[in-house]
Amino acid sequence: MTAQPSFAVVGHPNKGKSSIVSTLAHDDTVRVGDLPGTTTRCRPYPMKLDGQVLYSLVDTPGFQRARAVWEWMQARETTADQRPAVVRAFLDEFAGGDQYPDECELLAPVMDGAGILYVVDGSVPFGPEYDAEMEILRWTGQPRLALINPIGRADHVEAWRTALGQYFSVVRLFNAVTADFDKRVELLRAFGQLKDEWRAPLQLATDSLVTDRARRREAAARAVASCLAEMLGLQVERTIGPDTDPEAIKPELVTAFQQRLAELERRARQAVESAYDHHQLERREPGLAALDATDLFSAESWRVFGLTRWQLAGLGAVGGAAAGGAIDLAVGGASFLAGTLIGGGLGAASTLFAANKLVDVKVLQIPMGKRSLVAGPTRNRNLPHVVLGRARLHHALVAGRAHAQRGALDLDAAARDLLPEVGHERRRGLERLFGKLRSGREVAVSTGRLAELLDAVFAEDGGGAAQP
Amino acid sequence: MNDTPRTPSLGDVLDLARQLAHDEDTSGPSLRHRDREVGRDLAHLEDQPLRQALGWLQRVRTPEDEQRVGRVNALHRLGLTTLTAAGLAAGWGGANVVFFYDGTHPVNIIHVLAVFALAPLVLLLGFGVGLLPARIVRRVPGLGAVQDGLSLLSPGRVQHLLARRLPQSFRDTLAGWLGRGQAHQRLFGRVDRWLMTHSSQVFALSFHVGALAAAVYLVVFSDLAFAWSTTLQQTPADLLRWTDTLSAPWAWAWSDARPSAALIEHTRYFRLGDGSFPDAPSPVGLGGWWPFLVMSMAVYGILPRLLTLLLARWRLHTALRHAMLHLPGLDEVRMRLNWALVETQAEEPDDDGSLEPGEPTPTVGATSGGVEAVALVWAGAVTGREAGAERLRTTLGATVSSWHEAGGASTTTDDAAVLTALADAPGVILVLVKAWEPPMAELHDFLRDLRASAGQGRSVHVLPLGPDGADAEARHVDTWRRALTTLGDPWLRVIDPESEAP
């Protein structure tokens with residue numbers, strides 16, 4: 001017997017065993033193919049809490065020669081209590097050989113103590129070829145649960161229920177591709193019903209999964225909040241020559257700004273997908289609508305030493321005042337600080353006047369000044385709302401997506417209507433936080449608060465966790 | 001762990017920024033795994049975010065990172081050492097100039113006070129302006145510019161020169177972060193501001209320490225004559241009021257360091273009249289100013305700068321802690337450190353070899369008629385033989401001479417008997433299968449055995465059928481074509497009624 005509960009997912013080839021495993025293990029690397037024999041070896045999927053295994057799922061190859069195996073076992077039948085021994089004898093005789101490799105591979109974990117999850121496709125008719133498989137599984141003597149996984153239309157579920165009910169104590173309908181998180185947790189809890197000693201670890205496991213799910217949502221909310229915060233404070237700067245017309249550079253800068261926005265959004269998408277363990281997701285999403293250049297160019301900054309003109313004037317004033325102060329000192333204060341005042345004023349004025357002239361002047365090969373064109377932060381008040389709407393849709397789809405689901409994630413704009421309206425209070429909270437982020441003050445605190453707010457919004461959107 | 005530092009260094013902050021930037025390109029699962037492992041070690045620091053972050057950084061950084069951090073901190077220390085040395089030298093030199101005495105003209109204590117007591121107090125005003133918070137600076141036009149201008153004159157800017165010697169990865173990280181928007185600029189701007197302020201206070205304090213040391217040295221090892229002289233209309237009584245005010249902080253403890261009226265009266269000096277001291281009682285009395293001057297330099301030069309240095313040091317550490325805790329990305333790290341790691345994925349990669357066969361098995365289309373065939377129904381693919389025969393006649397133009405059953409509910413012994421019957425019957429062998437069920441190994445075995453018994457060249461056509469004898473879905477036919485390829489039987493065909501007859 002294994003120390004922790006283990007469940008071997010077995011069945012006919014191409015009936016969705018790997019899909020079940022992919023969804024329950026949140027693993028999109030599981031190969032799901034339409035050719036029989038895609039899985040040729042057992043592959044364990046341990047569920048671990050801080051390294052401690054609470055249970056394991058084992059993906060197995062499908063039955064390939066069940067009739068022959070069943071006949072072999074029938075030929076050695078003694079009494080009902082000896083049937084598991086017959087199965088073991090089968091493994092002893094054929095394990096490692098090439099006569100029944102698939103059956104040996106799939107029966108080995110079962111005879112090591114794994115519970116049986118027998119998977120059938122409820123969209124196709126029951127057939128006599130399944131009898132042998134179910135008989136073999138019954139002979140193992142292990143706890144058994146049957147899953148009807150309708151790969152297409154669920155037209156034959158009732159027939160399957162009738163057939164499976166004769167061999168399995170629990171029969172469940174579970175669509176691996178459409179099952180949401182709550183259904184997955186419910187199924188895992190059902191595994192715990194198969195054997196008393198499995199109840200506690202499965203309960204701990206499902207509770208951990210529920211808690212973890214909430215944390216993943218929180219992580220996703222933080223990724224989106226960070227993205228929004230960075231977008232609202234985003235600046236793109238270009239150094240331009242003294243004779244360059246800033247108007248000519250603006251389109252290039254707008255493009256660079258928008259590319260940066262797109263990059264930030266892409267990173268947030270990846271972070272959200274990673275939070276939910278979707279690492280191979282292909283995404284189809286229309287780009288952000290183009291921004292108006294006037295939204296971006298809130299500042300066309302002239303800079304020398306990285307200072308604005310006023311900062312520069314201040315520097316000139318200090319320098320002038322220092323020189324004037326020296327004269328005041330030299331005359332022993334008899335000038336009543338006139339030198340300091342006049343020097344400061346002259347310094348400021350001359351620096352302001354000469355600001356442009358400093359551009360590109362170099363002393364000792366160190367650039368003394370530069371002229372910069374700065375795009376952003378954006379003044380488009382709608383931008384964060386647009387970005388948030390897109391992020392909510394993406395999050396809801398990713399959070400609800402089963403890992404067995406293959407194909408691209410299509411973020412159809414029309415589907416956005418499916419999301420619930422954000423309440424008035426939350427909307428005000430969002431606007432207030434966007435304002436703070438736009439101002440560039442208390443960004444870290446505001447980002448944290450925005451993440452908390454988004455977490456609540458995401459929970460309402462349907463990406464939330466089930467209750468333990 | 002008790003070796004976790006409590007205060008971040010400049011190198012730590014820059015290294016954290018570098019590490020966070022690096023992590024942005026690392027996969028989520030590996031980050032969760034790495035950080036949770038560290039987090040379990042640092043569980044006792046969960047309520048101390050800063051120490052936990054520092055502990056985490058220590059554990060994830062490589063020896064190369066460690067070296068880079070060491071280099072940053074060394075550069076910072078080099079800057080401070082340079083400023084300390086420069087300050088001491090400047091102070092020593094300045095004091096030698098101000099206290100210069102060659103026996104011709106005495107040292108003017110007005111001059112000494114102006115340079116080492118009054119000027120520092122005025123410069124403190126500049127320091128105060130530099131400390132004004134942004135919300136006040138924003139409301140006073142031009143004040144920000146003055147603040148920036150003062151910072152440009154700060155000796156602390158030597159740290160900027162040294163910053164050019166930072167490791168390339170840190171400079172890249174810093175440039176990248178500063179280019180990411182206002183939040184990052186503010187975060188590092190605050191550190192930069194207090195870094196410069198702290199450095200400038202180190203210089204200033206060193207300057208005054210150097211000056212005081214030089215003054216004491218000159219007093220001890222040379223014979224200085226002090227006097228006071230000013231063009232302004234100042235009487236000894238006026239000066240006494242000034243000196244009483246200035247010496248108030250220490251007069252209660254050291255009365256000799258408070259100039260007496262007699263000393264002031266006797267040490268007045270006039271440049272004209274051969275520079276004589278008309279009221280001087282003796283040359284010895286001319287040195288009586290030194291306790292007052294030393295205390296003035298200590299209290300009005302060193303003490304304020306010591307306080308401003310401590311303030312700047314505290315604010316620098318606060319800024320470093322603030323930057324460390326508020327760097328975007330650190331909260332995510334703390335989540336990973338403190339949240340239990342739940343893993344559900346396979347530990348080993350899926351290394352099953354590719355099962356995709358090469359070229360699919362060729363298909364044959366419906367024939368125009370006149371084909372003699374023998375039919376094998378595999379696993380109950382056809383329930384009614386008459387309907388099945390009609391179906392084969394109309395869709396394939398095949399006339400079935402005999403029907404056989406195998407697979408499904410049949411035993412393997414039955415299958416073996418069927419093999420013999422099929423081999424003996426004339427015509428094409430039609431194998432009718434359930435299209436929705438995959439071609440399994442036992443059918444492969446059967447088809448191999450059939451080839452062996454029927455002989456080379458005998459046509460075997462596999463017809464996948466839908467439920468109740470309906471046409472199979474194209475995807476199912478395709479699956480059958482690809483799966484049967486593995487048999488490598490050149491006389492085996494999958495029948496696709498949709499395709500043209502050959």
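The values are calculated or read from the model by the stated rules, or taken from the named source; none is laboratory data. Keep in mind it's a predicted model, so treat the numbers as computed, not measured. Here the Cβ is made from the backbone with ideal geometry for all residues, glycine too, and neighbour counts use every protein chain on show.
Numbers for the structure displayed
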{"quantity": "Contacts under 7 angstrom Cβ, first residue in region B:407-427 being assigned by TED's automatic domain parsing to the domain that holds B:Val382, partner in a helix (DSSP H, G or I) and aliphatic (A, V, I, L, M), 6 or more apart", "calculated": "B:Gly407/B:Leu443; B:Thr412/A:Ala68; B:Leu419/B:Leu450; B:Leu422/B:Leu450; B:Leu422/B:Ala454; B:Ala423/B:Ala454"}
{"quantity": "Lone qualifier among A:Glu77, A:Glu158 - being more than 40 Å from the chain's Cα centre (by Cα) and over 30 Å from B:Pro349 (Cβ atoms)", "calculated": "A:Glu77"}
{"quantity": "Residue pairs meeting the criteria (Cβ under 7 Å; at least 6 apart or on separate chains; first touching a residue at least 40 places away in the same chain (Cβ under 8 Å), in region A:243-265; second among the basic types (Lys, Arg))", "calculated": "A:Ile249/A:Arg238; A:Leu253/A:Arg238"}
{"quantity": "Selection count where residues are charged (D, E, K, R) and either touching a helix residue (DSSP H, G or I) at 6+ places or on another chain (Cβ under 6 Å) or within 14 Å of chain B (Cβ to nearest Cβ) (or both), scope region A:89-114", "calculated": "4"}
{"quantity": "Residue under evaluation A:Thr206, criteria (1) closer than 27 Å to A:His403 by Cα; (2) more than 22 Å from the chain's Cα centre (by Cα), criterion not met", "calculated": "(2)"}
{"quantity": "Qualifying residue in region B:439-454 (condition: farther than 19 Å from B:Glu405 by Cα and surrounded by fewer than 17 Cβ atoms within 10 Å (Cβ to Cβ))", "calculated": "no"}
{"quantity": "Residue ranges of helices (runs of 4 or more DSSP H) in region B:385-494 with at least 3 members at pLDDT 90 or above and not β-branched (Val, Ile, Thr)", "calculated": "B:412-424, B:441-454"}
{"quantity": "Residue match in region A:110-126 (condition: of a type outside the set (Phe, Trp, Tyr) and without any contact (Cβ under 8 Å) to a residue 12 or more places away in the chain)", "calculated": "no"}
{"quantity": "Residue check, B:Ala95 more than 14 Å from chain A (Cβ to nearest Cβ), surrounded by fewer than 15 Cβ atoms within 10 Å (Cβ to Cβ) and in contact with a helix residue (DSSP H, G or I) (Cβ under 8 Å, 6 or more places away or on another chain)", "calculated": "no"}
{"quantity": "Count of region B:35-48 residues which are surrounded by fewer than 20 Cβ atoms within 10 Å (Cβ to Cβ), outside any loop (DSSP other than H, G, I, E, B) and among the acidic types (Asp, Glu)", "calculated": "2"}
{"quantity": "Pick from region A:55-73, criterion farther than 25 Å from B:Trp378 by Cα and facing chain B (nearest Cβ under 9 Å), ranking: modelled with the highest pLDDT", "calculated": "A:Leu57"}
{"quantity": "Sole exception among (1) over 30 Å from B:Gly39 (Cα atoms); (2) facing chain B (nearest Cβ under 10 Å) for A:Arg76, by number", "calculated": "(2)"}
{"quantity": "Matching entry among A:Pro46, A:Pro84 (being at the interface with chain B (Cβ under 8 Å from one of its Cβ atoms) and under 23 Å from A:Ala146 (Cα atoms))", "calculated": "A:Pro46"}
{"quantity": "Region A:203-240, subset within 26 Å of B:Gln185 (Cα to Cα) and of a type in the set (Asp, Glu), residue nearest to the other protein chains (Cβ to nearest Cβ)", "calculated": "A:Glu230"}
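Quick grid of which residues meet (1) in contact (Cβ under 8 Å) with a residue 40 or more places away in the chain; (2) among the aliphatic types (A, V, I, L, M); (3) surrounded by 13 or more Cβ atoms within 10 Å (Cβ to Cβ):
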{"residue": "B:Arg6", "(1), (2), (3)": "yes, no, no"}
{"residue": "B:Gly11", "(1), (2), (3)": "yes, no, yes"}
{"residue": "B:His22", "(1), (2), (3)": "no, no, yes"}
{"residue": "B:Pro29", "(1), (2), (3)": "yes, no, yes"}
{"residue": "B:Leu50", "(1), (2), (3)": "yes, yes, yes"}
{"residue": "B:Val69", "(1), (2), (3)": "yes, yes, yes"}
